[in-house]
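Okay, structure first, notes after.
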Amino acid sequence: MYIIKVYCAKCQTLLYKYQKESLGFLIKCYKDRIQEDHTNGDLKCPKCGESFARDAMYHRKPANKIIRGKVYVRR
C-alpha cells in the first residue's frame, strides 16, 4: 500500500490523500482509506465546485466512484 494525492483536474486543488492498495488507475476511493480529506464531504472541489465523484458501494463498503477525467493523481 502507498499514499497518493488526488487533485482536481480543472483547478489543480488537492482533494484527498488516499491509501491506494494496487497499481493502476484510480476508479474508486474507499472512504475508510482516505487519510486526509480537503473537501467538504459533498464530492465537489472546494475551490471550483466541480463534481469529481459519486457515492457508491463496493464489496459492502462505502466508496466514492471517481468520474473519469475529473481528477489526476500524483504519488
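Which ones in the range 1-29 are among the hydroxyl-bearing types (S, T, Y) and in a strand (DSSP E or B)?
From the range 1-29, those among the hydroxyl-bearing types (S, T, Y) are 2, 7, 13, 16, 18, 22; that's our starting set.
Result: Y2, Y7, Y16, Y18.
Examine the range 5-22 for a residue that is crowded, with 17+ Cβ neighbours inside 10 Å, in contact with a helix residue (DSSP H, G or I) (Cβ under 7 Å, 6 or more places away or on another chain), of a type in the set (A, V, I, L, M) and at pLDDT 95 or above, and state whether such a residue exists.
No: the range 5-22 contains no residue that is crowded, with 17+ Cβ neighbours inside 10 Å, in contact with a helix residue (DSSP H, G or I) (Cβ under 7 Å, 6 or more places away or on another chain), of a type in the set (A, V, I, L, M) and at pLDDT 95 or above.
Out of the residues in the range 30-75 that are assigned to a loop (DSSP other than H, G, I, E, B) and among the aliphatic types (A, V, I, L, M), state the one that is nearest to A9 (Cα to Cα). Write out each step before concluding.
If we filter the range 30-75 for residues that are assigned to a loop (DSSP other than H, G, I, E, B), which is where we start, we get 38-43, 45-50, 52, 59-60, 67-70, 75.
Those left that are additionally among the aliphatic types (A, V, I, L, M): 43, 67.
On the way: L43: 14, I67: 11 Å.
Among those residues, the one meeting the criterion is I67.
Scan K61, K47 and give me the residue that is in contact (Cβ under 8 Å) with a residue 12 or more places away in the chain, surrounded by 13 or more Cβ atoms within 10 Å (Cβ to Cβ) and not aromatic (F, W, Y).
After applying the criteria, what remains is K47.
Just to be sure before I move on: is M1 modelled with pLDDT of 95 or more, exposed (fewer than 13 other Cβ atoms within 10 Å of the Cβ), more than 9 Å from the chain's Cα centre (by Cα) and not acidic (D, E) in the structure I sent?
On the way: modelled with pLDDT of 95 or more: no; exposed (fewer than 13 other Cβ atoms within 10 Å of the Cβ): yes; more than 9 Å from the chain's Cα centre (by Cα): yes; not acidic (D, E): yes.
Here the answer is no, as M1 does not meet what is asked.
The values are calculated or read from the model by the stated rules, or taken from the named source; none is laboratory data. The structure displayed is predicted, hence computed values, not measured ones. Note that each Cβ is placed from the backbone with ideal geometry, even for glycine, and that neighbours are counted across all protein chains shown.
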